[in-house]
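The values are calculated or read from the model by the stated rules, or taken from the named source; none is laboratory data. The structure presented is a predicted model; accordingly, all values stated were derived computationally and were not measured. Cβ: placed from backbone, ideal geometry, glycine included. Neighbour counts: every protein chain shown. To get the accessible areas, we keep the full protein, side chains included, count just its heavy atoms, and leave off ligands, DNA and RNA. Shrake-Rupley method; radii C 1.70, N 1.55, O 1.52, S 1.80 Å.
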Amino acid sequence: MLQVVDLTCSRGDRALFENLSFSVRPGELLHIQGANGCGKTTLLRALCGLSQPAHGEIRWQGTAIRELAGQYRTQLCYVGHANGIQGDLNAAENLRFGTCVGNADSHADITAALERVGLSRAARLPAKFLSQGQKRRLALARLLVSSSPLWVLDEPLTALDVHFGATMSGQLASHVAGGGLVVITSHQELTVAAPIQKIQLDR
Amino acid sequence: MPQTLLGTARCIFRRDLTLAARKPADVATPLAFFVIVTSLFPLGVGPEPNVLSKLAPGVLWVAALLASMLSMGRLFAADYADGTLEQLTLSPHALTPIVFAKVAAHWVTSGLLLVVLSPLLAMQLSLPGQATWTLIATLLLGTPVLSLLGSVGAALTLGVRGGGVLLSLLVLPLYTPILIFGAGAVTASASGLDTTAYFSLLGAFLLLALAFTPWATAAALRISLD
């Protein structure tokens, strides 16, 4: 279970949100909503441990993530704004590198994952020739080969076409149904067949 | 089973070498700089072999040091821009060995190539044969220290506007001891003196840098990403 207690994050001197508390249990999806600049990305980065909150604590299974460090990171798969794709490597190489750095099975089936995100024909193409949407698909393919229960996704649906957006929603639903946790920001309404918890940040 | 630490480090090392091979211009620029700067001296000072061979140790070492510093900018810049660095920090493994793998790959594609080029340029400055061997050995010991120290500066100046100039201000003062003992050893060897002490000191610097800089670089990267 992911637990956030009295969390305050700030940019410079300005507090983005104050004393935020919530928890996400296995089998739950948390949809964070709010206007541009209200601190959604900052919150997600704090949840990953990438940035330090000004105040408050984030706990995983009851222990602060700062104490868990690497142990927490084995439970986590983060897809942020930046796709983490090198233009000079091809799609397969990029995904293989992603699995090798992240928390994926070292024998994960790269070809199958690329096929599921519809990139099998572009697998040998340098990633700089992929479109925005295809790059996004490639970044999201990391989720398919990851074995982490907690997915933290920052606007995963941007640049995706309607068809793949639906595929992705199905993927989220099956992850949650399998006891996974998802924390997601999106300006679109989510049509995921799973219990959705919502937080409005800019209130 | 996720990758072991060694597997991850090897994977990062191999990827950075692949990337360097696909962007040869990035690798070639500091090398060309090294060649051009050393070639300017015979043109500026005149072709007198006695003068040139006296200048050679200092010129070669300063040029190698500047070329190595020039190449430091690309160590993390691309990974920072495209978000790979975030993924590296979120790896279940500690960031320090990951940084070490990146610096090692960077040294192979910068410092090691400077060492390979150096005998050719030493010949151009009419450095005696014995001193050329000393030059190669000191550069082999010294350039990894330059890469390791430079990585701290590169991590600290990530995402900063005008980072290149700031990087040189941060790193050049730290490079001076390596320059003094590196060039000193070559000068001593050219005059037929014993160089053991110089090598011991350069070796000590390398050990210290290996022990502390990857850790400092990892901390600086976390600060830059926050």
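Of the residues A:L119, A:L76, the single one that is under 29 Å from A:I65 (Cα atoms) and aliphatic (A, V, I, L, M) is A:L76.
For (1) of a type in the set (A, V, I, L, M); (2) under 18 Å from A:K40 (Cβ atoms); (3) part of a loop (DSSP other than H, G, I, E, B); (4) touching a Pro at 6+ places or on another chain (Cβ under 6 Å), each residue gets a yes or a no:
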site	(1), (2), (3), (4)
A:W151	no, yes, no, no
A:A166	yes, no, no, no
A:H187	no, yes, yes, no
A:A194	yes, no, yes, no
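Against the test of being open to solvent by 20 Å² or more (accessible area, probe 1.4 Å), without any contact (Cβ under 8 Å) to a residue 12 or more places away in the chain, within 11 Å of chain B (Cβ to nearest Cβ) and within 22 Å of B:T96 (Cα to Cα), the options A:Q71, A:Q75 yield a single qualifying residue, A:Q71. For segment B:79-171, the helices (runs of 4 or more DSSP H) that sit wholly inside it and include 2 or more residues that are in contact with a Gly (Cβ under 6 Å, 6 or more places away or on another chain) are B:84-89, B:129-156. Residues that are open to solvent by 20 Å² or more (accessible area, probe 1.4 Å) and either closer than 22 Å to A:L157 by Cβ or in the same structural domain as A:L172 (by TED's automatic domain parsing) (or both) within segment A:103-119 comprise A:E115, A:R116, A:G118, listed in sequence order. For segment A:120-134, the tally of residues that are within 14 Å of chain B (Cβ to nearest Cβ), buried (at least 16 other Cβ atoms within 10 Å of the Cβ) and part of a loop (DSSP other than H, G, I, E, B) stands at 1.
If you check A:N19, A:N83, A:N90, A:N94 for being more than 8 Å from chain B (Cβ to nearest Cβ), in contact with a helix residue (DSSP H, G or I) (Cβ under 6 Å, 6 or more places away or on another chain) and in contact (Cβ under 8 Å) with a residue 12 or more places away in the chain, only one passes: A:N94. Do we find a residue being under 17 Å from the mean Cα position of the chain (by Cα) and under 25 Å from B:S126 (Cα atoms) anywhere in segment B:156-175? Within segment B:156-175, none of the residues are under 17 Å from the mean Cα position of the chain (by Cα) and under 25 Å from B:S126 (Cα atoms).
Note on segment B:91-117: residues that are within 11 Å of chain A (Cβ to nearest Cβ) and open to solvent by less than 20 Å² (accessible area, probe 1.4 Å) amount to 4. Looking only at segment B:79-89, residues that are aliphatic (A, V, I, L, M) and surrounded by fewer than 23 Cβ atoms within 10 Å (Cβ to Cβ) come to 1 in all. Within segment B:38-78, take every residue that is of a type in the set (F, W, Y) and assigned to a helix (DSSP H, G or I) and give me the one that is least open to solvent (accessible area, probe 1.4 Å). Here the answer is B:W61. Filtering segment A:151-203 to residues that are of a type outside the set (V, I, T), open to solvent by 20 Å² or more (accessible area, probe 1.4 Å) and closer than 17 Å to A:G80 by Cβ leaves A:L157, A:A159, A:L160, A:H187.
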